[in-house]
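First up is the structure itself, then whatever we jot down about it.
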Amino acid sequence: GMSKSNKQFFFFFKELLGFYYDSEKNRYFRLLPGHNNYNPLTKEGIQYKAMECKRLRLLEEEEKQKKKTTRAGLNSSILLQKRQLGLLSSTGYCRLVHELKVNCMQRRKIEIHSPDSSVAGTNNFKIIVADVACERIFTVNDVEHGGCKYGIINLSGLGKESLTVEMYDNLYFTNRKVNSVCWASLTHPDSHLCLMGIAETPGCASLLPASLFSSTNPGDRPGMLCSFKISTAWSCAWCLNPQADNCFSTGLTRRVLVTNVVTGHRQTFGTSSDVLAQQFATQTPVLYNGCRSGEIFSIDVRQCHRKGQSWKAIRLLHDTAVTSIRLLKAEHYLMAADMAGKIKLWDLRTAKCVKRYKGHHNEYAILPLHVNEEEGLLTAVGQDCYTRIWSLQDAHLLRTIPSPHPASKDAIPSVVFSSRLGGSRGVPGLLMAVKQDLYHFSYN
């Protein structure tokens, strides 16, 4: 027998020489030079197998409802007692109730009904984005031959019992690949959609009426409102501030374009880096931009063409590319995520990071953040395909949800979270689109 230290050295030496230890078979195997074809004996293959085991184990735990709350002593009766004794404010109480419910959410599959039977269940979901009231969801699905298909799902059928939704497709629009989508309020709230498409070259920015996707009167087809060629577009945002009415922005390679849809007037702001994430403030006509360089800066769109980049107001810096930014309601705080998987909450008044949310996973993807202030929750899906939910208040990781599908680049779930899915009288929970399926994680 070898001494313990010799044994450790032997194992280490074996691994150095390109062997790996298989715990099931209790012996060493030589590693083969790795290509990404998941040869069972490449390093990638081994990592993939380990990740799959973990995912399946977590799924099994979820099925068995072994859900413990992530905070000690947190259950509904204790909460209620504390509330009645005046030890908890009503906002604190509501926040903790949401936290409890998030921990108990159970996954159920949604049936997608479609008037046009060719739509449902054949194409992989790429993006889902809810309108402000969470009544409708705009979906972008990848199509086999390389384009995209767009549709709108109406959530009003999402009851406590039935889990069916209606999906309306649009067959009238040339379907380019889409990088970024946002809802736009032109004639009424969420009346249109901004799509940033990437064709081979050049790209295309389009504003489409949402009514293109309703089954009501197919004869009356409103035209596209606005469409123009651009270089690759990474991001887009719609402005709700009346001082920059009817405007949307487009984040491009090294520049930002702000377009007035009604007048056609266009402003260009040169930037030193690709703009991957954008959001307009609502209280001021200010646009926040997150860049590949890690810089976050704001533009007041009222001030046209100052020389150089002197129009940059606030400037914040991440170490790597910023992939998503979200302003909080009072607009004193900005949440940002980057390609190192870091999520930071910035105080815009002091330009300092005040909170960090740990556990998110990202290395290369442009992945969104979802902030639900009313419920006190932050949600993000990582490149590892896990959906994570944190407490906004104290950055505590509340729940990590495994994907129902094996993790891969083309199976990163897209999610929407709301306590009112389907409008004011809707059901609370999380919607998850992954591969060809749509799931509802319902609050109890």
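The values are calculated or read from the model by the stated rules, or taken from the named source; none is laboratory data. Here the structure is a predicted model, which is why all the values come from computation and not from measurement. A quick note on method: Cβ atoms are made from the backbone with ideal geometry, for glycine too, and the neighbour counts reach across all protein chains shown. Quick note on the areas: whole protein, heavy atoms, side chains included, nothing else; ligands and nucleic acids left out. Shrake-Rupley method; radii C 1.70, N 1.55, O 1.52, S 1.80 Å.
Which one of these is small (Gly, Ala, Ser), at pLDDT below 95 and not in a loop (DSSP other than H, G, I, E, B): Ala313, Ala330, Ala336? Before the answer, list the steps.
Numbers: Ala330 fails: not in a loop (DSSP other than H, G, I, E, B); Ala336 fails: at pLDDT below 95.
Result: Ala313 is the single residue among Ala313, Ala330, Ala336 that is small (Gly, Ala, Ser), at pLDDT below 95 and not in a loop (DSSP other than H, G, I, E, B).
Would you pick out the residues in the stretch 247-263 that are of a type outside the set (Ser, Thr, Tyr) and closer than 18 Å to Ile296 by Cβ? Please lay out each step first, then the result.
Filtering the stretch 247-263 down to residues of a type outside the set (Ser, Thr, Tyr) leaves 247-248, 251-252, 254-258, 260-262.
Correct list: Gly251, Leu252, Arg254, Arg255, Val256, Val258.
Name every residue in the stretch 230-261 that is in a loop (DSSP other than H, G, I, E, B) and either out of contact with any strand residue (DSSP E or B) (no Cβ under 9 Å at 6 or more places or on another chain) or over 19 Å from Asp190 (Cα atoms) (or both), in order of residue number.
Residues of the stretch 230-261 in a loop (DSSP other than H, G, I, E, B): 231-232, 239-241, 245-246, 253-254, 261.
Selection gives Ser231, Thr232, Thr253, Arg254.
Name the single residue that is nearest to Asn103 (Cα to Cα) among those in the stretch 404-423 being more than 14 Å from the chain's Cα centre (by Cα) and open to solvent by less than 10 Å² (accessible area, probe 1.4 Å).
Only one residue tops the list, namely Leu421.
Name, by its number, the condition in (1) in a loop (DSSP other than H, G, I, E, B); (2) under 29 Å from Ala50 (Cβ atoms) that does not hold for Leu398.
(1)
Working only within the stretch 424-437, note down all residues that are open to solvent by less than 20 Å² (accessible area, probe 1.4 Å) and either without any contact (Cβ under 8 Å) to a residue 12 or more places away in the chain or out of contact with any strand residue (DSSP E or B) (no Cβ under 6 Å at 6 or more places or on another chain) (or both).
Hit for the stretch 424-437 is Val434, nothing else.
Any residue in the stretch 175-189 that is under 23 Å from Lys126 (Cα atoms) sitting within a Cβ distance under 7 Å of a residue that is among the small types (Gly, Ala, Ser) and open to solvent by 20 Å² or more (accessible area, probe 1.4 Å)? List the pairs, counting only those 6 or more apart or interchain.
Arg176/Ala199
Starting from the stretch 90-109, keep only residues that are without any contact (Cβ under 8 Å) to a residue 60 or more places away in the chain, then list their pairs with residues that are surrounded by fewer than 17 Cβ atoms within 10 Å (Cβ to Cβ) and in a helix (DSSP H, G or I) whose Cβ atoms are within a distance under 9 Å, requiring at least 6 positions of separation or different chains.
From the stretch 90-109, the pairs are Gly92/Lys82; Tyr93/Leu80; Tyr93/Lys82; Leu96/Lys82; Val97/Ser76; Leu100/Ser76.
Which numbered condition in (1) in a strand (DSSP E or B); (2) surrounded by 13 or more Cβ atoms within 10 Å (Cβ to Cβ); (3) of a type outside the set (D, E, K, R) is the only one that Gly359 fails?
Condition not satisfied by Gly359: (1).
If you scan the stretch 386-398, which residues turn out to be in contact (Cβ under 8 Å) with a residue 60 or more places away in the chain and surrounded by 22 or more Cβ atoms within 10 Å (Cβ to Cβ)? Give the steps one after another, and end with the answer.
To start, the set of residues in the stretch 386-398 that are in contact (Cβ under 8 Å) with a residue 60 or more places away in the chain comprises 389, 391, 393, 396-398.
Once the filter is applied, which keeps residues that are in contact (Cβ under 8 Å) with a residue 60 or more places away in the chain and surrounded by 22 or more Cβ atoms within 10 Å (Cβ to Cβ), the stretch 386-398 yields only Ile389.
Answer yes or no: is there a residue in the stretch 373-382 that is at pLDDT 95 or above and either more than 26 Å from Glu60 (Cβ to Cβ) or part of a loop (DSSP other than H, G, I, E, B) (or both).
Yes - at least one qualifying residue is present in the stretch 373-382.
Among the numbered criteria (1) on the phi > 0 side of the Ramachandran plot; (2) surrounded by 21 or more Cβ atoms within 10 Å (Cβ to Cβ), which one does Ala336 miss?
Of the numbered conditions (1) on the phi > 0 side of the Ramachandran plot; (2) surrounded by 21 or more Cβ atoms within 10 Å (Cβ to Cβ), the odd one out for Ala336 is (1).
Looking only at the stretch 362-372, filter to residues that are not in a loop (DSSP other than H, G, I, E, B) and not β-branched (Val, Ile, Thr); which one of those is most open to solvent (accessible area, probe 1.4 Å)? Give the derivation first.
Of the stretch 362-372, the ones not in a loop (DSSP other than H, G, I, E, B) are 369-372.
Imposing the further condition that a residue be not β-branched (Val, Ile, Thr) reduces the set to 369-370, 372.
Values: Leu369: 6, His370: 43, Asn372: 22 Å².
That would be His370.
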